[in-house]
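First up is the structure itself, then whatever we jot down about it.
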Amino acid sequence: MMSQEKLREIKENARPLLDERLKVEDKTEVRDGNIVLKGDYYKKQVRIALRNCEIILPESIEEYIALDGYSALGKMLFEMTPEDVVNTMIESNLRGRGGAGFPAGRKWLEAFKYDADQKYIICNADEGDPGAYMDRSILEGDPHSVLEGMAIAGYAIGANQGFIYVRAEYPLAVKRLQAAIKQAKEYGVLGNNIFGTDFSFDIELRLGAGAFVCGEGTALMESIEGKRGMPRVKIHRTAHRGLWQKPTVINNVETLANIPVIFQRGAKWFRGIGTEKSPGTKVFALVGKVKESGLVEVPMGTSLREIVFDIGGGVADGKAAKAVQTGGPSGGCIPVELFDTPVDFESLAKIGSIMGSGGMVVMDETDCMVDIARFFLEFSVDESCGKCVPCREGTKRMLELLEKITGGNGEEEDIARMESLAVTISTGSLCGLGQTAPNPVTSTLHYFRDEYEAHIRDKTCPAGHCQALLEYYITEDCIGCTKCARSCPVSCISGKVKERHVIDTDACIKCGNCMEVCPVGAVILR
Amino acid sequence: MVKLTINGIDYEVERDKTVLQVCNDIGIDIPTLCHDERLEPYAACRMCLVEIEGAKNLQTSCSTKVREGMVVHTHNDKVMDARRDVLDLLLSNHPIDCLTCEKSGQCKLQDYAYEYGVREGTYVGEMRNKPIDDSNHFYTYDPDKCILCGLCVRVCDELQNTNAIGFEDRGFGTIVATPFDQGLGNSACVSCGNCVSVCPVGALMPKYDTKFRLWETKKVRTTCSYCGVGCQMDLLVKGDKVVGVEPAFDTFNNGLLCVKGKFGYKFINHGDRLKTPLIKKDGEFVEASWDEAYKLIISKIEDTKAKYGADALAGLSSARCTNEENYMFQKFMRAAIGTNNVDHCARL
C-alpha cells in the first residue's frame with residue numbers, strides 16, 4: 001500500500017538515477033531549481049504543463065515520482081478537505097485550456113455542491129484542431145500528470161470514476177496511458193483506497209472514433225454513453241447532469257496537467273505567472289511558415305511577436321510574416337500589425353480570434369487569406385454533426401460562396417451575403433462548433449478585406465495562390481529549348497526553336513508541367 | 001412562480017416551464033419544426049429562437065427554462081431575421097415542388113415559408129440527392145424532402161421504443177437511415193407509422209391510394225376498431241371515402257397508433273367488403289337481411305342445445321371488439337346459453 005513515507009522513499013531512490021541519466025544525455029540544465037530543456041528555443045519558455053515532457057521517461061512512474069509526482073495528491077488526502085481543494089482551485093483561477101477558458105474551480109464547485117450518488121471526472125483528450133498537438137505531447141510525454149490531476153479533481157468533487165476520452169488516432173498516447181494507469185494502480189496511487197485512505201478513484205479509457213465534434217463536452221458524453229456524438233441541448237449544466245445524467249466535471253488534458261503543480265506550489269505562486277485575468281501559462285503548437293516549429297509554453301500575456309519571432313525565429317525562407325491563425329477552425333487570423341497583442345483569453349477575443357486549444361499557424365506573404373478561410377471552413381463543414389440547421393446548411397453555403405470567390409466567380413454581393421450568414425450561424429447554432437465556425441471568415445474579412453475584393457473585382461489573387469485566378473506565362477528569359485511545348489498535355493504552347501514560346505491561356509489547363517520542366521525558370525504564374 | 005417580461009409585457013408564470021411552453025400558454029405563437037411536447041427538447045431546427053436580454057446569442061425557447069427577471073423578445077427584427085435565414089437555408093436544400101407534393105396544405109415548412117415571406121431558398125449550391133426508400137409496405141421516405149428535424153428518429157426511440165431508424169453520416173450529408181442502409185422494409189421497423197404522423201414535411205408519407213388535398217377532406221373522430229385499447233383517431237374523409245388516418249393527440253393514446261390503426265383503413269371502401277350477412281343456400285352464399293340471419297342463428301342454437309346440451313356450444317369472440325363488448329359476449333354465453341365454453345382470439 002502506498003503511503004507518504006513510501007512515496008518519499010521511491011522519490012529518494014529514483015531521483016539520483018534520473019539525474020544520472022539526464023547528465024549522460026546532456027539535453028537539460030537546472031534553472032531556478034527546476035530541470036529544464038537546454039537551448040535557445042526553451043530559454044524564453046516557462047514550462048508548467050510540459051514540465052516533465054522530454055525530461056522523464058513517460059513509461060516510468062518512478063521518474064514521475066522523482067520530480068514530486070503524486071506528492072500533491074498524497075498530501076491533500078491527509079491535509080485538505082474536498083472543500084479546501086475546490087477553494088484552492090478557485091483561488092488559482094486556472095481557466096480551461098481546451099479553448100473556452102471557463103474557470104476550472106467554478107466548474108468543480110458546481111459539481112461539489114450538487115448532491116448525487118455518483119459523480120464523474122472526464123479528461124477531454126479529443127484534440128482535433130488542425131496542426132495542434134499539445135495534448136498529445138502531454139499524454140505521450142507525461143501521462144501521470146494527467147492521471148494525478150484527475151484523481152485530485154475526483155477527490156474534490158466526490159467522484160470515484162474517471163474517463164479519458166482520447167482520439168484513437170493517438171495510438172502511442174493510448175498505449176502510454178494504459179501503461180500509466182496500470183502502474184498507478186500497482187503503486188496504490190489510483191484504484192481502491194488511494195494512499196491507504198478511503199478515497200478510491202479509477203480511470204478508464206474511451207477511444208474516439210474520429211469525429212471532431214466529440215471534443216464538445218456534451219457530444220463527448222453522448223459518445224461515451226454509446227450514442228451518436230451530437231451536442232446536447234444546454235438545458236442543464238454538465239456539472240449537475242452530465243455523463244449518464246450524473247454530475248460531471250470535464251477538463252482538458254492541459255488543464256489537468258497544470259493541477260498537480262498548483263497544489264505543490266500553491267495558488268498564489270500560480271497567480272504570479274501570466275496575467276491577472278488569465279493566470280498561468282499556455283502551450284501552443286507553433287506551426288506553419290515559422291522557422292522553428294514546435295511546442296511553446298509561455299506565460300499568458302506574452303505577445304504574439306515574442307512567440308513567433310523570439311522563440312519561433314520568425315518566418316522561414318526570408319519571407320515576410322502576414323498573419324497568425326489561433327484557435328483552429330473556431331479561431332481567427334490576426335494580421336502582423338497586431339502582433340504586439342498579448343496572448344490571453346480576453347485580448348484575443350477582442351481582436352476577433354480566440355485562444356482556443358493552442359493551435360498557432362504562422363502565415364507568410366504567399367498565403368492567400370481567402371483560401372485560408374476556405375480551408376478552415378471546409379474543416380468545419382466536414383466536421384459538423386448535422387444536428388442544427390445553421391451549422392449543417394449554413395456553413396456549407398458559406399463554403400460554397402468562398403469556393404466561388406477563390407474559383408474566380410465571386411460577385412460583389414457575396415461579401416455581404418457571407419457577413420449576414422455569419423451572423424445567423426454564430427448567433428443561431430446549437431454548440432460552440434457552429435457558433436465559432438464563421439470566425440476564420442469574419443476575421444479575414446475584417447483584416448484582409450482587400451484580398452477578397454481583389455479576388456472578386458480584379459479576378460486576381462494578390463498572394464499568387466488561387467490557381468483559378470492565375471495564368472502561366474513565359475517571360476523573355478525563355479531560351480526556346482521547346483521542353484515546355486513537348487511536356488504540355490494539351491499542346492497549347494507554341495514557338496520556334498531558340499525563340500520565345502507563348503502559352504495559349506484559353507486552352508491551358510494549368511497543370512504546371514511547363515513550369516516544372518523549364519530549365520531557366522522562365523515560366524511564371526501571374 | 002417566476003416574474004418575467006415577454007415582448008414588453010410582465011407575466012407571472014410557473015417555475016420549471018420553458019419559454020416556449022409559457023409563450024404557448026399566453027398565446028404567443030412561436031414557430032417550431034423539431035419540437036414535440038411528448039419528447040425531450042432537441043433544439044435542432046432553430047425556428048423557436050428568441051432573444052433573451054443579457055445572453056450572448058439567440059436562445060432556443062424550447063430548451064430554455066424561465067428565470068426570474070428574464071426579458072424575452074419573441075418577434076423582434078433580430079429574431080425574425082434569424083428565422084427567415086433558417087427557412088432560407090432549409091428551402092435552399094429542399095425541392096420547391098409544392099404544386100405536386102402530397103404534403104401540400106399540411107406542411108409546416110410551407111406554412112412558415114408563407115408566414116415569414118420566404119418565397120424560395122436563395123442559396124444556390126449542392127442539394128441533397130438521394131433515392132427514395134419505398135421498401136416499406138405502408139409508407140415511403142424521401143431524403144431530399146427531409147429537414148432532419150429528428151422527430152421520426154426520436155418518436156421511434158423515445159415513444160415507440162423500436163429504434164429502427166437513426167442518423168447516418170454527418171454534416172451536410174446527414175440523412176435518416178436504417179442500420180447498414182438495409183431499407184425500411186428490411187429493418188426492425190414495425191410500421192406503426194408514428195414517425196409518419198409527426199413528419200412536418202413531405203419526407204415520410206403514407207402510400208395513399210387516393211389523391212387528395214387536406215382541405216378537401218373532413219376529419220371524423222372515431223375509435224379504432226382493431227382491438228380493445230380504444231385508440232382515438234381522425235379519419236380523413238374525402239366525399240364518402242376514407243382516404244387516410246391521423247392519430248388523435250388530445251386523448252389518452254397521445255398521438256400514437258399501431259400499424260393497424262394507422263394504415264389498416266383501406267378495407268372500409270374495399271369492393272370485397274361484406275356489407276350484409278350471407279346465408280349458405282344450396283351450397284352457395286346468398287345475401288340475407290340481419291333479421292333472417294339472427295333467426296337462423298337462434299334456431300340453430302336452440303336445436304343444438306335441445307339435442308346435445310348447452311356445453312355442445314362454444315363462443316369465440318374477436319380482439320376487434322371493445323372490452324365492454326367482450327364482457328357482454330361472455331355474459332351472454334354463460335347466462336343466456338348456459339355454458340362456460342367461451343374464448344377469445346387474443347388471449348395468451
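Being more than 29 Å from A:Ala159 (Cα to Cα) and touching a residue at least 12 places away in the same chain (Cβ under 8 Å) is the requirement here; does A:Asn52 meet it? No; evaluated as a whole, the condition is false for this residue. Being modelled with pLDDT of 95 or more, within 14 Å of chain A (Cβ to nearest Cβ) and outside any loop (DSSP other than H, G, I, E, B) is the requirement here; does B:Leu148 meet it? So B:Leu148 fails the test. Residues that are modelled with pLDDT of 90 or more, part of a loop (DSSP other than H, G, I, E, B) and under 15 Å from B:Asn253 (Cα atoms) within region B:219-241 comprise B:Cys224, B:Cys231, listed in sequence order. In region B:231-247, the residues that are of a type in the set (Phe, Trp, Tyr) never reach a residue that is surrounded by 17 or more Cβ atoms within 10 Å (Cβ to Cβ) with C-beta atoms less than 6 angstrom apart, at least six apart or across chains.
Might you check whether a residue that is surrounded by 12 or more Cβ atoms within 10 Å (Cβ to Cβ) and among the charged types (D, E, K, R) occurs anywhere in region B:267-290? Taking every residue of region B:267-290 in turn, none turns out to be surrounded by 12 or more Cβ atoms within 10 Å (Cβ to Cβ) and among the charged types (D, E, K, R).
Residue check: is A:Asp340 more than 29 Å from B:Cys48 (Cβ to Cβ), charged (D, E, K, R), more than 11 Å from chain B (Cβ to nearest Cβ) and touching a helix residue (DSSP H, G or I) at 6+ places or on another chain (Cβ under 7 Å)? Taking the combined requirement at face value, the residue satisfies it. If the condition is being within 29 Å of B:Lys145 (Cβ to Cβ) and crowded, with 16+ Cβ neighbours inside 10 Å, then region B:58-80 contributes B:Leu58, B:Gln59, B:Thr60, B:Ser61, B:Cys62, B:Ser63, B:Thr74, B:Val79. Do the conditions hold for A:Cys481, that is, is it away from every other protein chain (no Cβ under 14 Å), crowded, with 21+ Cβ neighbours inside 10 Å, over 30 Å from A:Ala219 (Cα atoms) and not aliphatic (A, V, I, L, M)? No.
Scan region B:248-303 for residues that are of a type in the set (Phe, Trp, Tyr), under 29 Å from the mean Cα position of the chain (by Cα) and either farther than 21 Å from B:Ala319 by Cα or not assigned by TED's automatic domain parsing to the domain that holds B:Gly230 (or both) and the total you get is 1. Comparison of B:Gly54, B:Gly27 shows that the only residue that is of a type in the set (Gly, Ala, Ser), farther than 27 Å from A:Gln435 by Cα and more than 9 Å from chain A (Cβ to nearest Cβ) is B:Gly27. Yes or no: region A:418-426 includes at least one residue that is among the aliphatic types (A, V, I, L, M), assigned to a helix (DSSP H, G or I) and more than 13 Å from every other protein chain (Cβ to nearest Cβ). No, there is no match, as no residue in region A:418-426 is among the aliphatic types (A, V, I, L, M), assigned to a helix (DSSP H, G or I) and more than 13 Å from every other protein chain (Cβ to nearest Cβ). Applying the selection to region A:137-158, what residues are surrounded by 24 or more Cβ atoms within 10 Å (Cβ to Cβ) and either part of a loop (DSSP other than H, G, I, E, B) or not assigned by TED's automatic domain parsing to the domain that holds A:Leu256 (or both)? Correct list: A:Asp142 only.
Screening A:Ala49 on (1) among the small types (Gly, Ala, Ser); (2) in a helix (DSSP H, G or I); (3) over 25 Å from A:Glu186 (Cβ atoms) shows it passes everything except condition (2).
Among the residues of region A:430-443, at least one is within 26 Å of B:Asp77 (Cβ to Cβ), of a type in the set (S, T, N, Q) and at the interface with chain B (Cβ under 7 Å from one of its Cβ atoms). The set of residues in region A:235-273 being in contact (Cβ under 8 Å) with a residue 60 or more places away in the chain and either among the polar types (S, T, N, Q) or within 13 Å of chain B (Cβ to nearest Cβ) (or both) consists of A:Arg237, A:His240, A:Thr248, A:Asn251, A:Asn252, A:Thr255, A:Asn258, A:Gln264.
Screening A:Glu453 with (1) assigned to a helix (DSSP H, G or I); (2) surrounded by fewer than 21 Cβ atoms within 10 Å (Cβ to Cβ); (3) within 14 Å of another protein chain (Cβ to nearest Cβ) gives one miss only, at (3).
Annotation note: Cβ proximity below 7 Å between a residue of region A:409-425 that is under 20 Å from B:Leu49 (Cβ atoms) and a residue that is charged (D, E, K, R) and in a helix (DSSP H, G or I) (sequence gap 6+ or interchain) occurs for A:Leu421/A:Arg397; A:Thr424/B:Asp85.
So which residues in region A:364-376 are assigned to a helix (DSSP H, G or I) and either within 12 Å of chain B (Cβ to nearest Cβ) or not hydrophobic (A, V, I, L, M, F, W, C) (or both)? Residues satisfying the conditions are A:Asp371, A:Arg374. Annotation for region B:113-134: at least one member residue is more than 9 Å from chain A (Cβ to nearest Cβ), out of contact with any His (no Cβ under 9 Å at 6 or more places or on another chain), part of a loop (DSSP other than H, G, I, E, B) and aromatic (Phe, Trp, Tyr). With respect to A:Gly327, determine if the residue is over 16 Å from A:Gly98 (Cβ atoms) and either of a type outside the set (A, V, I, L, M) or surrounded by 22 or more Cβ atoms within 10 Å (Cβ to Cβ) (or both). Judged against the criteria, A:Gly327 is not a match. Identify, from the list A:Gly301, A:Gly274, the residue that is crowded, with 21+ Cβ neighbours inside 10 Å and more than 26 Å from A:Phe379 (Cα to Cα). Sole residue among the options that is crowded, with 21+ Cβ neighbours inside 10 Å and more than 26 Å from A:Phe379 (Cα to Cα): A:Gly274.
The values are calculated or read from the model by the stated rules, or taken from the named source; none is laboratory data. All figures in this text were calculated on a predicted structure; none of them were measured in a lab. Glycine also receives a Cβ, built like all others from the backbone with ideal geometry; neighbour counts cover every protein chain displayed.
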